[in-house]
């Protein structure tokens, strides 16, 4: 029987979780109740004391400190550790939680610890707003609760009941997949892509398919880069073809598509073979033109569409980007190759294009060469990143690294 883990603060949501458990059981799934309520005395399968201990904390001390934020952090860490243990024991086929801002924060952190693909459903009062803090780079599914999680009424019964039916169905499908005989699985390759690097990535993707891989393309929008790196950290990828590292420019300058300062580190830390290039580092991304900060008014812009404005990076910014990228690649523990496309890094960084600034590109190339030193194989190619053959060559080089590593 499929097992659904219910994560919740059962000190304040005891009745709601009791009702929810019965609904899930009614759909033919087993229920494990994981209680993260600091002051709870509910009859849960995993008690708050056990959750706190899983994060190295004593529940009594958390209560005495009377620091709600610290207690929630501790319980979130503990819930993640417990959930991972249960998953490793084959006792998690899906996870469901109900909550407001606090409960959603605790439950979603635990959910994000699970691998991509394990069903995760969060019914939250926060789901109609910015869900990035809850979803992160994972595949957490969020459902708006419509009403607060405060009793079972005619509206909440429908919404929560739908959630129970959904997670039971997903958990049953997950159990079937988990117990199915192992078939032949092609090695997974992560690729990063932007609209302005599409020709190179499409060519690389086709070549990887011919070489016997399953390519996974991630849109370099911040969330995409983080998702690719999570799969690398989880050990799901055989290699990474990171042609589009533009998210680092947004992180440096303050654009809207940053993947955070740790971007371009996961594959190297995991020892996964990687081929990296400098795609779309000529640009920083903002929203509509009128929302670009005034301090950038003297810069070069391209309005990509009504909701996306691109700003050209400067030689000074590219020098810093080259230094950061070089340092990250030099620290990699696995085989790494850097490809430098000497004739341009994006579809608008071409001769006659609006972002064609050889001085800025040269600053990037010089800085990254210096920063990687002798630690990384550097290959300079007298082509534009999107020229025919560049993506195919990149794919073949990654294949060579993977083959040599095995």
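Read the figures in this text as sums done on the coordinates, not as results from a lab. Quick caveat, the model's predicted, so the values are computed rather than measured. Every residue, glycine as well, gets a Cβ built from its backbone with ideal geometry; the counts of neighbours run over all protein chains shown.
Label positions at residue 296 and residue 234, each projected 7 Å from the Cα along the C-beta direction, are separated by 3.2 nm.
For the ranges 41-51, 291-301, 351-361, what's the packing order if you count other beta-carbon atoms within 10 Å of each residue, average per peptide, and put the highest first? Please report the intermediate quantities before stating the final value.
On the way: 41-51: 18.5, 291-301: 11.4, 351-361: 15.7.
Top to bottom by mean Cβ count within 10 Å: 41-51, 351-361, 291-301.
Calculate the length of the line joining the C-alpha centroid of the stretch 120-182 to that of the stretch 52-105, in whole Å. Taking the Cα centre of the stretch 52-105 as reference, the centre of the stretch 120-182 is 18 Å away. Computed from Cα atoms, the angle from the helix 315-330 axis to the main principal axis of the chain rounds to 60 degrees. Among 281-288, 23-30, sorting by the average number of other beta carbon atoms lying within 10 angstrom of each residue, highest first, gives 281-288, 23-30. Note on the chain: GNM, Cα springs under 10 Å; of 207, 265, 184, the largest mean-square fluctuation is that of 184.
Between residue 333 and residue 304, what is the FRET efficiency for a Förster distance of 60 Å, r being their Cβ-Cβ separation, to the nearest 0.05? Mind dumping the intermediate values first?
Details: r = 37 Å, r/R0 = 0.61.
In this case the efficiency is close to 0.95.
Please grab the % of Cα pairs in the stretch 306-397 that end up more than 22 Å from each other. Don't jump to the answer; show the numbers that get you there.
Numbers: 1336 of 4186 pairs.
So the pairs more than 22 Å apart make up 32 percent of the total in the stretch 306-397.
Against the chain, whose longest principal axis comes from its Cα atoms, helix 101-112 is set at around 60 degrees. For the pair the stretch 335-406 and the stretch 269-287, the centres of their Cα atoms are 11 angstrom apart. Antiparallel beta bridges, as assigned by DSSP with both residues in the chain, represent about 15 percent of the total such bridges. Between residue 153 and residue 370, the modelled label-to-label distance comes to 6.5 nm, taking each label 7 Å out from Cα in the direction of the beta carbon. Per-residue packing, averaged as other Cβ atoms within 10 Å, sorts the ranges 64-77, 323-336 into the order 323-336, 64-77, beginning with the highest. Two-decimal Rg/Rh of the stretch 3-179 from alpha-carbon positions, Kirkwood Rh? With Rg and the Kirkwood Rh in hand, the quotient comes to 0.94.
When the helix-only estimate is applied to the chain (DSSP H runs of n ≥ 4, each -39,500 (n - 2.57), divided by the residue count), what is the mean residue ellipticity at 222 nm, nearest 500 deg cm²/dmol?
Details: 14 runs with 173 residues, N = 406.
Taken over the chain, the calculation gives -13500 deg cm²/dmol.
Among 128, 21, 107, the largest mean-square fluctuation in a Gaussian network model of the chain, built with springs joining Cα atoms closer than 10 Å, belongs to 128. Approximating the spin labels as points 7 Å out from Cα along Cα→Cβ, the residue 1-to-residue 88 distance works out to 2.7 nm. Look at (i) 23.9, 70; (ii) 25.6, 86; (iii) 21.4, 65: the one that is Rg and Dmax of the Cα atoms in Å derived from this structure is (i). Taking the C-alpha atoms only, the angle from helix 390-405 to the longest principal axis of the chain is near 60 degrees. Treating the stretch 188-405 as a set of equal point scatterers at the Cα positions, no solvent, please give the Debye-formula log₁₀ I(q)/I(0) at q = 0.07, 0.12 Å⁻¹. Those come out to -0.18, -0.55, one per q.
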